[in-house]
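Novice: The structure that follows is given in the form of structure tokens.
The values are calculated or read from the model by the stated rules, or taken from the named source; none is laboratory data. Being a predicted model, the structure only gives us computed values, none of them experimental. As a convention, Cβ positions derive from the backbone with ideal geometry for all residues, glycine included, and neighbour counts pool all protein chains shown. To get the accessible areas, we keep the full protein, side chains included, count just its heavy atoms, and leave off ligands, DNA and RNA. Shrake-Rupley method; radii C 1.70, N 1.55, O 1.52, S 1.80 Å.
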Amino acid sequence: MTRHFLDLWQLDAAGLRAVLDEAHRRKAARKGLPKGAADADAPLAGRTLAMIFQKNSTRTRFSFDAAMRQLGGSVIISTAADMQLGRGESIEDTAKVLSRMVDAVMIRANSHADVEAFAAASTAPVINGLTDRSHPCQILADLQTFEEHRGDVAGKTIAWIGDGNNVCASFIHAAPRLDFKLRIACPEGYDPAPADLQRIADSQGQITLGRDKRAAAAGADCVVTDTWVSMGDTDKDARMAALGPFQVDDALMDLTNPDAVFLHCLPAHRDEEVTASVIDGPRSLIWDEAENRIHAQKAVLLWAFGLIG
Ligand code: CP
Ligand code: NVA
């Protein structure tokens, strides 16, 4: 069966753990190598990844390209607008054509349903590079970053402060698999999507949702936030007003476990969702987090090709 990497909840605990462990192992194994050098085993030699972007990207685009090169493979990249997809060719026909030309496809799409439709029609593995609903590759890099600085995430508490958006959703999907506690604080009207609210309700208290950012951050091991205006959001003024009180600042970080770290998927808006003093301060791991997109995605690619997990 073709392995699609669409959402973290679709992997079982052992599979997700295997992906994270592989990310740690591959990062350690290539320490000191130039970024363009292939890993010693080059496990994806002869394989090609297509990447389709319906939305802007810096990290996802460059990290998947670098990841495939390090694994010995190659990439073909296009914006959706430059493809016939941008002129109305169907998702299904596009998926069937690309399945004959490349070994795997990564898509960043506006609509999660489009990625699901693509995967349903594709005989090549499909990887979700962000949709309106989730960002699974990002959360793998986040968890890898946390673990390399603070050890196994199991039993730790992560606080998500701000918009209950696509990035928040993938934390919700990962928590039950990797056994960390997740405390979400977001304003009314900016809650996670209904399916994820149900996951929170089913989590028996492992995941909580509230309106008080201080309660969420108190004693946490990690604080995470994201932009208040995601790609595709059109209600900027309302968002800035509602999310303003949810800024991550030094006073909030002072409530956490003294060892707590700060994460942000980037791009960031300093002094909006997080103060410059926090994101550029000693508790912030954002540059390791950005780098780890490469290492985590190498593990995702190996999983999608059935080589691990
Ligand atoms: N964090 C992230 O996915 O960044 P890009 O939008 O630059 O890919
Ligand atoms: N929530 C953001 C993440 C960007 C990487 C967005 O969807 O725009």
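Novice: For segment 1-122, report the translational diffusion coefficient in µm²/s to the nearest whole number, using Stokes-Einstein at 4 °C, 1.567 mPa s, and a Kirkwood Rh over Cα pairs.
Specialist: Estimated via Stokes-Einstein, D reaches 82 µm²/s.
Novice: Could you please state how large a percent of the accessible area of segment 264-306 is carbon and sulfur, counting protein chains only and using a 1.4 Å probe?
Specialist: Ligands and nucleic acids excluded, carbon and sulfur reach 55 percent.
Novice: Which angle from 0 to 90°, rounded to the nearest 10, does the C-alpha axis of helix 286-304 make with the longest principal axis of the chain?
Specialist: Once rounded, the angle reads 40 degrees.
Novice: Lys/Arg Cβ at +1, Asp/Glu Cβ at -1, dipole of the chain taken about the Cα centre: which of ASN292, PHE62, ALA28 is farthest positive-ward?
Specialist: Working it through, the farthest residue towards the positive pole turns out to be ALA28.
Novice: In deg cm²/dmol and to the nearest 500, what is the mean residue ellipticity at 222 nm of the chain if only DSSP H runs of at least 4 residues count, each as -39500 (n - 2.57), divided by the residue total?
Specialist: -12000 deg cm²/dmol
Novice: I would also like to ask the following. Out of residues 5 or more away from LEU209 or on other chains, whose amide H comes under 5 Å of its own, with H placed 1.01 Å from N in the peptide plane?
Specialist: Here the answer is ILE184, since their amide H atoms fall under 5 Å of that of LEU209.
Novice: Taking amide H positions as placed 1.01 Å from N in the peptide plane, with prolines and chain starts having none, which residues 5 or more places from VAL75, or on another chain, fall under 5 Å of its amide H?
Specialist: Those qualifying (amide H under 5 Å, at least 5 residues apart or on another chain) are LEU49.
Novice: Still on this structure, please answer the following. My understanding is that a pair violates if its Cα-Cα distance is over 30 Å; which of LYS96/LYS298; LYS35/LYS156; LYS35/LYS236; LYS156/LYS236 do that in this structure?
Specialist: Violating the 30 Å Cα-Cα cut-off are LYS35/LYS156; LYS35/LYS236; LYS156/LYS236.
Novice: If amide H atoms are built 1.01 Å from N in the plane of the peptide, which residues on other chains or at least 5 residues away come under 5 Å of the amide H of LEU307?
Specialist: Counting only residues 5 or more places away or on other chains, the set is empty.
Novice: Roughly what angle does helix 112-121 make with the longest principal axis of the chain, taking Cα atoms, 0 to 90 degrees, to the nearest 10?
Specialist: Around 30 degrees separate the two axes.
Novice: Follow-up question, since we're still on this one. On a 0 to 90° scale, report how tilted helix 166-178 is relative to the longest principal axis of the chain, with both axes built from alpha carbons and the result rounded to the nearest 10.
Specialist: Its long axis makes an angle of about 90 degrees.
Novice: Now a separate question. Give, as a single signed number, the net charge of other residues whose beta carbon lies under 12 Å from the beta carbon of ALA299, with Lys and Arg counted +1 and Asp and Glu -1.
Specialist: Neighbourhood net charge equals +3.
Novice: Rolling a 1.4 Å sphere over the protein heavy atoms, what is the accessible area per residue of the chain, to the nearest Å²?
Specialist: Spelled out: the 1.4 Å probe surface of the chain, per residue, equals 41 Å².
Novice: For LYS35, LYS298, write out the residues from largest to smallest accessible area, computed with a 1.4 angstrom probe and no ligands counted.
Specialist: Result, largest first: LYS35, LYS298.
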